[in-house]
1. Once you place label points 7 Å from the Cα toward the Cβ at residue 91 and residue 4, how far apart are they in nm?
2. Work out how much length residue 15 to residue 112 would gain on full extension: take 0.36 nm times their residue separation and subtract the Cα-Cα distance, in nm to one decimal.
3. At R0 = 25 Å, how high is the FRET efficiency between residue 46 and residue 70 if r is their beta carbon distance? Nearest 0.05 is fine.
4. Please list, in order along region 104-121, the HN-Hα scalar couplings obtained from phi with the Karplus expression 6.51 cos²θ - 1.76 cosθ + 1.60 (θ = phi - 60°), rounded to whole Hz, x for Gly and Pro.
5. Within the chain, how many Lys pairs sit with Cα atoms under 18 Å apart, leaving out pairs fewer than 8 places apart on the same chain?
6. Could you go through region 21-27 in sequence order and give the Karplus-derived ³J(HN,Hα) for each residue, using 6.51 cos²θ - 1.76 cosθ + 1.60 with θ = phi - 60°, rounded to whole Hz, and x for Gly and Pro?
7. Apply the Karplus parameterisation 6.51 cos²θ - 1.76 cosθ + 1.60, with θ equal to phi minus 60°, to every residue of region 31-42 and state each ³J(HN,Hα) to the nearest whole Hz, in sequence, with x for glycine and proline.
Amino acid sequence: MLKDAPIVPYIPVRDVRRARAFYEQKLGLVPRGEIEGGVAYACGGESWVFLYPSDGAGTSQASQLFWQVEDLEAEIASLRAKGVTFEEYDRPGLKTVNGVLDSGSSKAAWFKDTEGNILALIQDK
């Protein structure tokens with residue numbers, strides 16, 4: 001049954017080499033293998049993510065994935081030190097301050113990869 005099967009996010013990228021540099025050097029992900037022109041990265045636990053070449057990269061206006069983190073501010077500081085820019089939003093129901101949304105029960109921050117994909121960090125309070 002699908003409820004018991006692991007889910008692997010697929011992230012479209014126009015330039016695999018450029019995207020690999022971002023995911024490996026800025027985000028610190030470690031490749032687990034190359035597959036069909038793309039690359040898979042191991043993440044926490046047994047989760048992983050797959051980058052694949054696609055002309056549709058960066059076309060979604062929604063988050064592609066999020067990392068559940070223990071200390072959002074520490075992760076943001078670490079990524080900013082590596083040149084990652086966090087998005088600022090100011091719309092009904094979504095207002096960030098210094099890149100962070102505080103919803104009361106959780107905090108979140110969004111950034112884009114080199115391909116325009118929106119990625120997020122989430123911390124439960």
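Just so it is clear, none of the values below were taken in a lab; they were calculated from the coordinates. Since this is a predicted model, take the numbers as computed values, not measurements. Note: ideal-geometry Cβ built from the backbone for every residue, glycine included; neighbour counts use all protein chains shown.
1. Modelled inter-label distance: 4.0 nm.
2. Working: separation 97, 0.36 × 97 = 34.92 nm, distance 1.45 nm.
Working it through step by step, the gained length comes to 33.5 nm.
3. On the way: r = 18 Å, r/R0 = 0.73.
The pair residue 46/residue 70 has a calculated efficiency of 0.85.
4. x, 9, 8, 10, 9, 8, 10, 8, 10, 7, 5, 9, x, 6, 8, 10, 9, 10
5. Values: 26/82; 26/112; 82/112; 95/107; 95/112; 95/125; 107/125.
Taking the chain as the scope, the lysine pair count is 7.
6. Result, ordered by residue: 4, 5, 5, 8, 7, 8, 8 Hz.
7. So the Karplus estimates, Gly and Pro as x, are x, 9, x, 9, 9, 6, x, x, 9, 9, 10, 6 Hz.
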